[in-house]
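Report on one structure; see the data block that follows.
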């Protein structure tokens, strides 16, 4: 370590300037906007807490929150179970492990737009692969994206397919930190595979589980591309995610003040959910 | 017996993951309408470049491809310089308020994009940057996650190396450029892949910041195309192949660094 006076400050200066201009200032600006009405064209108008009043009476916003919640409830457990299952499978002496890992990982690196377009071909009502497959067995066609009770579920399954590779890798990293002697000791005691998994593996990888829950919660809350490209939020607003709704308020209707209010409120919800998850997982450990 | 079961399971699930991609490539070489015939065909009856020719000549996708490439390369290059300087300074220099500042910056990671995107748009509009490359380059100039990764890595470089270079009369810049950078190469490569892929695949921000189709990045152009050519799956598949190709090449060549980076970020973060 060296005590040069100026150099370190100069080295962090670009980021500090960036931080002040493009992170701190926008947050403050957004905060101020919450108390204003502004459509960019007419001058900004102070309206006090009206945006909050509007928010609590905006049934469509609460519907978008509920939709996002439905997405999370399907997506997160599905993701964790599948990823953990594959990680346990891959966490042994396997040939071509690099190939399998890369294959499962491929959807993660691909643009969400491409994944959505691909799955649209699968989910299509008349000519989609899935429905053709079902009709071949004489089963009635399913409105994967047309049925408002099913559309969000379909999107959640697609999102799971896209992201699961990332969580397989994370779980694999977690599994490799479990010391082998624990399993050997359990073997001597005559433990079954399930007991070893339940009482050794799960508690040992608890930090990884926590991280995966947090990451997929944050990722799930930012759900946007899939409904934007695939359904536009329909049918009957059943796939309207919160971010899509905020985007529409801000960049379709130019309700800048109101969109800022929604953004802040939504960020608050994310924070609360993560704090609750943290409590829950830590108590479990 | 158990081994066979395991392998067949892995192979089948691997194929399920890969099948849509194989079909995507295959359909992109089909004539119009051939991807949706019944019974479905997995491979083209007749191989054609029709869809790619349409993309490049009629739909001018070259421009979108170059937009994406230009923005991703510039953002990756510049952010690597800024992030590595700051990461190194936070790891190896002693200065007033260092830890407090670092923690403050790190905590800004929890601010979701939904809060900053709107004011950022308004600011860049004020500067006249909306619908220019600047609108996409500026928000990507530096990021705290990159600084964090490099700091963690630089912490493991022994101080004695830096001290002896200083005794030999090396300047601060020489130490950063000639000693730290080469030693930190693995993490720089990892970060470069993250940044390149993240910028290339980004959708929401380019959608907001660009409004002219000739300025669109490839994913935005593709989504836009999707709106107009829903009934044209072969064309969409060709566009998809083009969109994932650069990312796929980067991933296949540098996979080792990428996977390691994810594992490292997860264990230490």
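Things worth noting here:
- Conditions (1) surrounded by 15 or more Cβ atoms within 10 Å (Cβ to Cβ); (2) within 14 Å of chain B (Cβ to nearest Cβ); number of the one not met by residue A:155: (2)
- Residues of segment A:160-180 classified as in a helix (DSSP H, G or I), more than 10 Å from chain B (Cβ to nearest Cβ), farther than 26 Å from residue A:113 by Cα and in contact (Cβ under 8 Å) with a residue 12 or more places away in the chain, total: 1
- Taken together, the residues in segment A:14-47 that are in contact (Cβ under 8 Å) with a residue 60 or more places away in the chain and surrounded by 16 or more Cβ atoms within 10 Å (Cβ to Cβ) amount to 8.
- Qualifying residue in segment A:245-257 (condition: within 14 Å of the chain's Cα centre (by Cα) and either surrounded by fewer than 21 Cβ atoms within 10 Å (Cβ to Cβ) or free of Cβ contacts under 8 Å to residues at least 24 places away in the same chain (or both)): no
- Check on residue A:148, surrounded by 14 or more Cβ atoms within 10 Å (Cβ to Cβ), at pLDDT below 90 and not in a helix (DSSP H, G or I): no
- Qualifying residue in segment B:40-51 (condition: surrounded by fewer than 20 Cβ atoms within 10 Å (Cβ to Cβ) and assigned to a helix (DSSP H, G or I)): yes
- Checking each residue in segment A:186-197 for being surrounded by 12 or more Cβ atoms within 10 Å (Cβ to Cβ) and over 12 Å from residue A:88 (Cβ atoms) picks out A:186, A:191, A:195.
- Every condition in (1) away from chain A (no Cβ under 11 Å); (2) on the phi < 0 side of the Ramachandran plot; (3) in contact (Cβ under 8 Å) with a residue 12 or more places away in the chain is met by residue B:60 except one, and the failing one is (2).
- Among the residues of segment A:12-30, those identified as within 7 Å of chain B (Cβ to nearest Cβ) and over 18 Å from residue B:137 (Cα atoms) are A:12, A:27, A:29, A:30.
- Residue check, residue B:137 part of a helix (DSSP H, G or I) and in contact (Cβ under 8 Å) with a residue 60 or more places away in the chain: yes
- Subset of segment A:27-51 that is part of a helix (DSSP H, G or I) and in contact with a strand residue (DSSP E or B) (Cβ under 9 Å, 6 or more places away or on another chain) - its residue that is nearest to residue A:257 (Cα to Cα): A:51
- Taking the criterion of being more than 15 Å from residue A:242 (Cα to Cα) and part of a loop (DSSP other than H, G, I, E, B), the only residue of segment A:52-70 that qualifies is A:57.
- Residue that is nearest to residue A:91 (Cα to Cα) [pool: residues in segment B:17-39 that are part of a helix (DSSP H, G or I) and over 25 Å from the mean Cα position of the chain (by Cα)]: B:26
- In segment B:145-174, the residues that are within 11 Å of chain A (Cβ to nearest Cβ), touching a helix residue (DSSP H, G or I) at 6+ places or on another chain (Cβ under 6 Å) and farther than 16 Å from residue B:94 by Cα: B:146, B:147, B:165
- Set side by side, the residues A:168, A:205 differ, and just one is over 30 Å from residue A:123 (Cβ atoms) and buried (at least 18 other Cβ atoms within 10 Å of the Cβ), which is A:205.
- Within segment B:79-115, the set of residues being more than 8 Å from chain A (Cβ to nearest Cβ) and not in a helix (DSSP H, G or I) comprises B:96, B:97.
- Just one residue in the set B:80, B:118 is surrounded by 19 or more Cβ atoms within 10 Å (Cβ to Cβ) and within 26 Å of residue A:5 (Cα to Cα); that residue is B:80.
The values are calculated or read from the model by the stated rules, or taken from the named source; none is laboratory data. Keep in mind the model is a prediction, meaning the values are calculated, not measured. Here the Cβ is made from the backbone with ideal geometry for all residues, glycine too, and neighbour counts use every protein chain on show.
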